[in-house]
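Note sheet for the following structure.
The values are calculated or read from the model by the stated rules, or taken from the named source; none is laboratory data. On a predicted model such as this, the values are computed, not experimentally measured, just so you know. Counting neighbours? That spans all protein chains shown, and the Cβs are built from the backbone with ideal geometry, glycine included. All accessible areas refer to the heavy atoms of the entire protein, side chains included, with ligands and DNA or RNA removed. Shrake-Rupley method; radii C 1.70, N 1.55, O 1.52, S 1.80 Å.
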Amino acid sequence: MSYTDEHRPMMTVDGTPLKKSLAIALRRQKIRALLLISPLLIFVLFTLALIFASMLFRSVENDIVSEILPETVVALSSWDAQSGELPDETVYSAFAGDIQRAAKAKDHTRVGLRLNYEKSGMASLFKKTARKAKKWDLEADAPFKNKLIETHKGWADIAVWQTLKTHSSLYTSGYFLNSIDMRKTVSGPEYQPEDRQILVTLFKRTLIISLVITMSCILLAYPVAWLLANLPMRQANLLMILVLLPFWTSLLVRTSAWKVMLQQQGVINDLLVALGMIEETGRLALINNQLGTVIAMTHILLPFMILPMYSVMQSISPTYLRAAKSLGATNWTAFWRIYFPQSVPGIGAGSILVFILSIGYYITPEIVGGNKGVFISNRIAYHIFQSMNWGLAAALGTILLVAVLILYWAYDKIVGIDNVKLGG
Amino acid sequence: MVKYGEYDLAEAQAKAFVEFQRVQKSYDGEVLVVKDLSLAIPRGEFLTLLGPSGSGKTTCLMMLAGFETATHGDIILDGVSINNIAPHKRGIGMVFQNYALFPHMTVAENLAFPLEVRKFSKSERDTKVKRALEMVQMGQFGGRRPAQLSGGQQQRVALARALLTNPKLVLMDEPLGALDKQLREHMQFEIKRIANNLGITVVYVTHDQTEALTMSDRVAVFDDGRIQQLAPPDELYESPKNSFVAQFIGENNTLEGIVKEITNGVALVQLDGGGLIDCNPVNVSKAGERTRVSIRPERVEFNKERFQPGAHTLTAEVLEFIYMGDIFRTRLRVAGNDNFIVKTRNAPDQVRLVPGAKIDIGWLPSDCRALDA
């Protein structure tokens, strides 16, 4: 017999604690469950988790300067960057040694490119200097201060040395500062010059357009989801196929189709002109701007709003509406007070899906967005494929990830995450 | 206030409160779900629509509530045709099968809802909600969500909500279907008590015949879109008008045969399995007709001393004896029917039949009803 005693844990018949025997009894089940999910778990661990970790690391990693110019970095540490004077001969001779070794190892372009993100002209400065430095005799050609300045007048510019010193640490907050249109200088963070400020605008635009897309998806999807949930089976199935139809065509094809539809000589403009609603000269600019992005992305993301809404609405019994009406509520009151609150979890789930998908969308804004309608992800792609500034791309990606997490957290606080349903 | 038992049925029927006038209903234009239904319900009556699923009873209730429109015919409520009146303007209370308590509102908010849409003030709402909760003995549950209540408690709240605006007519669609047996019996009594106290007219839909018999003033037995019989419970049980009603209400033994002759209101029936019996000709009119004879298990007699003199008897073989506590249930083979049941009361002097025994059985000719085949 097991017995309860306030001071003692429950025991089984043979005297082992009840909790322990329960854990033993459940162990097999737990192991089986773990084995079942292990393929996915391992896959996620080695792909997604690694990718995230490497992204986070890249966004602060900065070992190029100290790896390629190690002696210069040491020598610069005793130089006061704000003194207004050029560094002394020790720094120049240390640099001459570093750049010669780098030139022979063909590493000089890497460090030049890295510093070029911070100050334009650095890449060519390093390229030219390295070409000459290969022939120097480090013993005989000293001192190097004047020799370097002769080689390129950039070495007489204090700003060049300041840039070198500022970005010589192993880890840097520079990429994150760049992400919000600031930069690291010897005197601390400051704003980028106005002509280089673009990323904050892009972040804001991405958030606002994503919100607009989410809202228009809600408005368009709600009635469709309602119909889906309330039509007789046959018609509902047909409608469901129409909803899912876009998934059967490539994303690229659909986006390109919107280009054909929306351009100035496109189907919609032609139709409006033919109907006499607009003048031939006043054709509407529906594409290569924010409107184009909103229209195309609303269409593309609509199913992601309809499906969760539908599955929630399907689980709302029609009896509730009838009950409300039998209690004296008009159609509108019954809908607004009884049906709508019960469908909110579907709206929430759909909105989170659509918003998070759209905030990171790339292809569609790239094709139909023009200059005004591109998102932050297009900028990330630019830094990965064209400017090769992976550190900045990683920082931007990290900020995007954090922004989504914050929004998710806020949603949880305001609406409650258990209010999100993807199914009945 | 009209109290049960005090109203004069004939007078009430003359000025029917609810009336179906030749109502027909079809969903697809091909099949009639309700076929030519005429029905008058006097004020204060507790009427039950009883029938198997698909018999049209729920459709009738939904037409009355306004959630389905009659394909043909008129539905009159308190002298006014309500065919074109929206459900929310009919002023009919309704209790649904799964209670339909709004899951996102507390019990008190659920109860306040009908008052809110009628623009009652906050203080009026609070008093009425409080009183309603007390009426169903749920005073301390106002702040709970429906999901936190047991089935019986939800049922009480649903009932209170339907009654809150003092409707003259309350519709109930299988309201006790989801409850266990004990609770169901308790709630049957409770609903009946509240309906009597308030003097409301109730139209109650169920497929549970015991429920129908226990609660109703009258029962309308539905099958195949028609009312098969509309009568008070005792009449329905003791004098079913056709074999459907006889089969559907209570336990029933049937024997098939052909009417040999009808004399002085007694039909002599030749059973297919052999044997002659005297019956009460309910809906057979002449010799040669096929008939299905119906006898209630508790009206079968096998004590020879109690047989009517001169009445026909049948020989039976005992197949099975089941002890059920208050009654004994004995299965016999009678005229080729292996499922002939006899119920006897568990009294001190009661005979317990032994399987394999051959006995004679008989009954009063009036209890043995010759119905349609």
| request: Could you point to the residue in B:Q140, A:M277, A:T319 farthest towards the positive end of the protein assembly as shown's charge dipole, with +1 and -1 charges on the Cβ of Lys/Arg and Asp/Glu respectively? | output: A:M277
| message | Nearest 10 degrees is fine. How inclined is helix B:107-117 to the longest principal axis of chain B, computing both from alpha carbons? | response | 70 degrees
| field | Protein accessible surface hidden between A and B, which excludes ligands and nucleic acids, total in Å², probe 1.4 Å | value | 1700 Å²
| said: Given a 1.4 Å probe, show me the residues in the range B:72-94 buried by at least 30 Å² of accessible surface when comparing the whole protein assembly to the chain alone. | reply: B:H88
| query | For the range B:237-373, with every protein chain kept in place, what is the accessible area per residue (1.4 Å probe, Å²)? | reply | 51 Å²
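How many Å² of accessible area per residue for chain A, probe 1.4 Å?
56 Å²
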| message | For peptide A:332-338, what's the mean number of Cβ atoms from other chains within 10 Å of each residue's Cβ? | response | 3
| said: Applying a 10 Å radius around every beta-carbon, put A:209-217, A:268-276, A:134-142 in order of their mean neighbour count, most first. | reply: A:209-217, A:268-276, A:134-142
| remark: What helix-only [θ] at 222 nm does chain B give? Using -39500 (n - 2.57) per DSSP H run of at least 4, over all residues, to the nearest 500, the answer is -7000 deg cm²/dmol
| message | At 222 nm, what value in deg cm²/dmol follows for chain A if DSSP H runs of at least 4 each add -39500 (n - 2.57) and the sum is divided by all its residues, to the nearest 500? | response | -20000 deg cm²/dmol
| query | Helix A:390-414 versus the longest principal axis of chain A: what angle, 0 to 90°, nearest 10, using Cα atoms? | reply | 30 degrees
| message | Given a 10 angstrom Cα cut-off, can you work out which residue in B:V107, B:V351, B:V293 is the most mobile in a GNM of chain B? | response | B:V351
| query | Once phi is turned into ³J(HN,Hα) by the Karplus curve 6.51 cos²θ - 1.76 cosθ + 1.60 with θ = phi - 60°, what whole-Hz value does each residue of the range A:62-77 show in order, with x for glycine and proline? | reply | 7, 9, 4, 5, 6, 7, 8, 10, x, 6, 4, 4, 4, 5, 5, 5
| note | log10 I(q)/I(0) for the range A:324-370, Debye formula on C-alpha points only (no solvent), q = 0.22, 0.29, 0.31 Å⁻¹, two decimals, reads -0.77, -0.95, -0.99
| request: Can you tell me the FRET efficiency between B:S26 and A:A236 if r is taken as the Cβ-Cβ distance and R0 is 30 Å, rounded to the nearest 0.05? | output: 0.85
| note | Listed residues B:D272, B:D173, B:D36; largest mean-square fluctuation, Gaussian network over chain B with Cα springs below 10 Å, found at B:D272
| Principal axis lengths of chain A from Cα atoms, whole Å, largest first? | 100, 91, 36
| query | So, how do all the Cα-to-Cα distances of the range A:64-196 break down into 10 Å bins, in percent, from 0 on up? | reply | 12, 45, 33, 9, 1
| task | At 1.4 Å probe size, with every protein chain present, just tell me what the per residue accessible area of the range B:146-222 comes to in Å². | result | 34 Å²
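Within the accessible area of the protein assembly as shown, what % is carbon and sulfur when the probe is 1.4 Å and the other protein chains stay in place?
Carbon and sulfur together cover 58 percent of it.
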| When averaged across all projection directions, what area in nm² does the alpha-carbon convex hull of the protein assembly as shown cover? | 60.9 nm²
| task | Kindly express, to the nearest 10 degrees and within the range 0 to 90, the angle between helix A:89-105's C-alpha long axis and the longest C-alpha principal axis of chain A. | result | 60 degrees
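Just counting partner chain Cβ atoms within 10 Å, what average do the residues of peptide B:107-114 show around their Cβ?
Across B:107-114, the average partner-chain Cβ count within 10 Å equals 2.
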| field | Relative packing of A:177-184, B:115-122, which averages over residues the other C-beta atoms within 10 Å, highest first | value | A:177-184, B:115-122
| query | Starting at 0 and stepping by 10 Å, how many percent of the alpha carbon pairs of the range A:226-287 end up in each bin? | reply | 21, 27, 25, 24, 3
| remark: Calc'd 3J(HN,Hα), the range B:282-297, phi into Karplus 6.51 cos²θ - 1.76 cosθ + 1.60 (θ = phi - 60°), Hz, glycine/Pro = x, comes to 8, 10, 10, 10, 9, 4, x, 6, 6, 8, 10, 9, 10, 10, 6, x
| Two-site FRET efficiency, A:L138 against A:Q29, from Cβ-Cβ distance with R₀ of 41 Å, rounded to 0.05 | 0.05
| query | Extension gain A:E194-A:S387, at 0.36 nm per residue separation less the Cα-Cα distance, in nm? | reply | 67.5 nm
| said: Among DSSP bridges having both ends in the protein assembly as shown, what percentage is antiparallel? Round to the nearest 5. | reply: 75 percent
| task | Quick one: give the max-minus-min coordinate of the C-alpha atoms of the range A:199-419 along each principal axis, largest first, in Å. | result | 65, 49, 30
| field | Whole-Hz couplings from phi, Karplus 6.51/-1.76/1.60, listed for the range B:357-373; x for Gly and Pro | value | 6, 9, 9, 9, 10, x, 6, 5, x, 6, 7, 10, 9, 8, 10, 5, 7
| said: Report, in listed order, any pair from B:K89/B:K119; A:K104/A:K147; B:K286/B:K358; B:K57/B:K241; B:K241/B:K286; A:K165/A:K204 with a Cα-Cα distance greater than 23 Å. | reply: B:K286/B:K358; A:K165/A:K204
| request: In a Gaussian network model over chain B where Cα atoms closer than 10 Å are linked, find which of B:N197, B:N83, B:N253 has the largest mean-square fluctuation. | output: B:N197
| task | Could you work out how far the C-alpha centroid of the range B:24-103 sits from that of the range A:179-224, in angstrom? | result | 58 Å
| query | How far is it, in nm, from the label point at B:Q148 to the one at B:T254 when both lie 7 Å from their Cα along the line to the Cβ? | reply | 5.2 nm
